[in-house]
Amino acid sequence: MGLAAPAQACYGALERSFVIVKDRLYKGLMLPGGSRLIYRNGFVKGCRASDGFCLSEIVLSRDASLCGLKVPKETTVYLNYSRRTFDHHRTVDSPEEGPGVFLTLVGAPVQQVAGLEVKDFIEVRCDKRVAQAKDSPLRGATLNQPMEIYGISLPAGSGLVWYSPNEGGQVASLRIESPMTVRDLSLPARSMLDFDPSGVLTQIRSHDYSSATVGPYRCWTGFSQGPTLHPNGALASCLLLGSHAFKGFVGREETLFYQDGTLRSSTLAEDATISGQKGRAGQVVRFRPDGSLVSISRRFH
């Protein structure tokens, strides 16, 4: 098989590594001899090995060409065998794309892939299926050039994530490295904008815990969630940063809106009387689309 002795021989180990003694073809990838192959258990997406261990990472012994990409030996190389557009959140269901070979490079040099100039982080589908379908292999990348997506001017260094071809192949998420104003959104550094398969902006997140301003509202953002938007661009949900004065009361925490901007619900920041009903701080106030009061109650009822 062209393998040296495993660095970890215990079956129960979560990681095993081997050094291949000569060039070896693996799932269409020509791996240079002397490279270290790291197999992991319970970590590799889409792993179907009977013992649970699948090739997860390749430590190259020399510069290589993998899946048509230039890969210097110092590049970090990962493999998976299935993929979802997002792993940490979804506002719409996303089917798994696979089985296949998905190659991720970290620290890649500038190169052209599917007509785009990309660098640093590149994720591609790398198997016969994508070659036969003539779909773009790109699933994620850092841009090395400015470009416009969905009417948003992105500077070089921005990141893109794509839906799979069976989801339409459109851009699913944008990552913006510096603070930026987009439409009526004031975005913090390392923001992420998520779009549905038709290109409608659905959610705002940030790599770090921070806040985004949507119209008059300041909303908390995090890596897995943030303010969501209706299809018409109006704010749908917001975890308020601090409190906000609404008509007749002050709200805080999770706040929901109807598509026309009418308040749907919020948590009382202080005691208030609304439409003749008394509410205490911490209770949730809910409204109908016409603005009339539905109830004032505990958060769960």
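Annotation: Cα Rg of segment 71-181 relative to the compact-globule expectation 2.2 N^0.38 Å equals 1.06.
Of all DSSP beta bridges confined to the chain, the antiparallel ones make up roughly 100%. Entry note: the chain has Rg to Rh equal to 1.10, where both radii use alpha-carbon atoms and Rh is the Kirkwood radius.
Accessible area per residue for the chain, computed on protein heavy atoms with a 1.4 Å probe, is 50 Å². Applying D = kT/(6 pi eta Rh) to segment 169-226, where Rh is the Kirkwood radius over alpha-carbon pairs, T corresponds to 20 °C and eta to 1.002 mPa s, the Stokes-Einstein value obtained is 190 µm²/s. Here the accessible area of the chain is 51 percent carbon and sulfur, with a 1.4 angstrom probe and all protein chains present.
Kirkwood radius for segment 120-163, taken over all pairs of different Cα atoms as the inverse mean of 1/r, rounds to 11.5 Å.
Which FRET efficiency, nearest 0.05, do ALA245 and TYR209 yield, Cβ-Cβ r, R0 22 Å? That pair, ALA245 with TYR209, gives E of 0.35. Scaling against 2.2 N^0.38 Å puts the C-alpha radius of gyration of segment 176-301 at 1.10.
Taking 0.36 nm per residue of separation and subtracting the current Cα-Cα distance, fully stretching the chain between ASP51 and GLU15 would add 11.8 nm. With a 10 Å cut-off between alpha carbons and a GNM built on the chain, which of PHE53, PHE195, PHE102 moves the most? Largest GNM mean-square fluctuation: PHE53. Amide hydrogen proximity for ILE149: with H placed 1.01 Å from N in the peptide plane, the residues at 5 or more positions away or on another chain lying under 5 Å are LEU154. All C-alpha to C-alpha distances of segment 16-141, sorted into 5 Å bins beginning at zero, yield P(r) values of 2, 10, 20, 23, 22, 15, 6, 2, 0, 0 percent in whole numbers. The longest part of the chain holding none of the exposed loop GluC sites (Glu not before Pro), meaning those outside H, G, I, E and B in DSSP with at most 13 other Cβ atoms within 10 Å, is 97-269.
The values are calculated or read from the model by the stated rules, or taken from the named source; none is laboratory data. Quantities reported herein were computed from a predicted structural model and do not represent experimental measurements. Methodologically, a virtual Cβ is constructed for each residue, glycine included, from the backbone with ideal geometry; neighbour enumeration extends over all protein chains shown. Calculation scope for accessible area: heavy atoms of the full protein, side chains included, ligands and nucleic acids excluded. Shrake-Rupley method; radii C 1.70, N 1.55, O 1.52, S 1.80 Å.
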